[in-house]
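*Asks:* Take a look at the following structure, please.
The values are calculated or read from the model by the stated rules, or taken from the named source; none is laboratory data. Nothing here was measured: the structure is a model prediction, and the numbers come from that model. With ideal geometry, Cβ positions are generated from the backbone for all residues, glycine too; neighbour counts draw on all protein chains shown. Accessible surface is based on the protein model in full, side chains and every heavy atom, while ligands, DNA and RNA are left aside. Shrake-Rupley method; radii C 1.70, N 1.55, O 1.52, S 1.80 Å.
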Amino acid sequence: MRDLAAGLGYLGKGQRWVARHGRWWGFGLLPALITLVLYTAVLLVLGFRADDLAAWATPFADGWGSPWRSLLRGLFTALLLGGGLLLAVVTFTAVTLLVGEPFYEALSEKVEQSEGGAPQGPELPLWRELWNSARDSLHVLVRAAGLGLLLFLLGFVPVLGQTVVPVLACCVSGFFLAVELTAVAMQRRGVPVRERLALLRGRKMLALGFGVPLVLLFLLPLVAVLVMPGAVAGATLLVRDLVPAEGKRPEDEPEPGREGEPEPYRS
């Protein structure tokens with residue numbers, strides 16, 4: 001429970017940081033606003049075509065009588081829209097971070113400087129940074145999509161699909177949101193994407209405490225735009241405590257009396 005409360009606390013700290021630095025809050029709004037317009041258009045198309053997609057996906061129900069055909073296709077439509085919304089929530093952050101890579105890198109670095117110095121990240125050209133971000137995001141999204149598909153199928157199970165599955169879906173989305181949002185500060189510390197996943201899996205409640213409230217906020221499109229800069233700031237503060245700037249955790253400190261360079265970060 002302590003980690004759960006700590007994760008929520010980092011989210012609040014991030015929002016307070018951008019509230020105190022209004023220029024950086026406005027700076028971080030633009031990428032989220034662009035992504036919101038794109039996602040809104042896609043979701044509107046999905047909403048208008050959901051019934052046609054349900055009929056196309058269930059041709060075996062054409063000969064069914066009423067009300068069974070309508071019930072099946074109505075359930076499929078609801079799950080399709082819910083799955084689309086879930087996918088939008090999970091991928092919104094990744095796409096926004098990709099679109100706004102220079103914006104959020106600068107915002108995250110400013111947060112670190114204001115808190116006592118930022119680690120020196122690798123000097124890479126912009127195209128390489130974008131490529132690395134896209135590659136890492138794809139790695140995360142493939143995993144999220146696999147779990148999302150499983151939850152989509154479980155949604156057809158009576159009772160379980162209407163009670164337990166939505167809660168699990170929210171938790172899965174929250175975890176992967178935390179992974180995506182911490183990517184900027186983690187990359188600056190040279191932590192590869194597989195180690196990021198392992199690190200946050202080891203602190204699931206911390207990741208859920210930070211990510212699940214964001215999932216609920218991101219269900220409201222305008223709110224998603226408004227809280228995105230603070231979410232990046234909060235994720236940076238979380239990473240500062242989770243992975244020290246030199247890339248090692250407290251338990252990796254050298255033994256008393258031992259000299260030498262700090263050991264590299266290990267997951």
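*Asks:* Once you list every other residue whose beta carbon is under 15 Å from the beta carbon of residue 60, what net charge do they have if Lys and Arg are +1 and Asp and Glu are -1? Please report the intermediate quantities before stating the final value.
*Replies:* On the way: positive: 69, 73; negative: 62.
Around residue 60, the surrounding residues sum to +1.
*Asks:* Let me ask another. Using heavy-atom solvent-accessible surface (probe 1.4 Å) with all chains present, what is the largest-first order of 201, 73, 16?
*Replies:* Sorted by accessible area, descending: 16, 201, 73.
*Asks:* By per-residue mean of other Cβ atoms within 10 Å, what is the highest-first order of 42-50, 166-174?
*Replies:* 166-174, 42-50
*Asks:* From the square roots a ≥ b ≥ c of the eigenvalues of the alpha-carbon gyration tensor of the range 130-207, which class results: rounded (a/c under 1.5), prolate (a/b over b/c), or oblate? Mind dumping the intermediate values first?
*Replies:* Numbers: a/c = 3.43, a/b = 2.06, b/c = 1.67.
It is prolate, given that a/c is not under 1.5 and a/b is the larger ratio.
*Asks:* May I pose another question? Using a cut-off of 12 Å between beta-carbons, work out the net charge of the residues near residue 233 (Lys and Arg +1, Asp and Glu -1, residue 233 not included).
*Replies:* Net of charged neighbours comes to +2.
*Asks:* Once R0 is set to 30 Å, what does the formula 1/(1 + (r/R0)^6) return for the Cβ-Cβ distance between residue 241 and residue 51, expressed as a FRET efficiency to the nearest 0.05?
*Replies:* Efficiency for this residue pair is about 0.05.
*Asks:* Another one. What distance in nm separates the two pseudo spin-label positions at residue 198 and residue 62, each 7 Å out from Cα along the beta-carbon direction?
*Replies:* About 5.2 nm separates the two model spin labels.
*Asks:* Another one. What does the net charge come to around residue 17 if you take all other residues with beta carbon closer than 15 Å to its beta carbon, with K and R at +1 and D and E at -1?
*Replies:* Neighbour charge sum, excluding residue 17 itself: +2.
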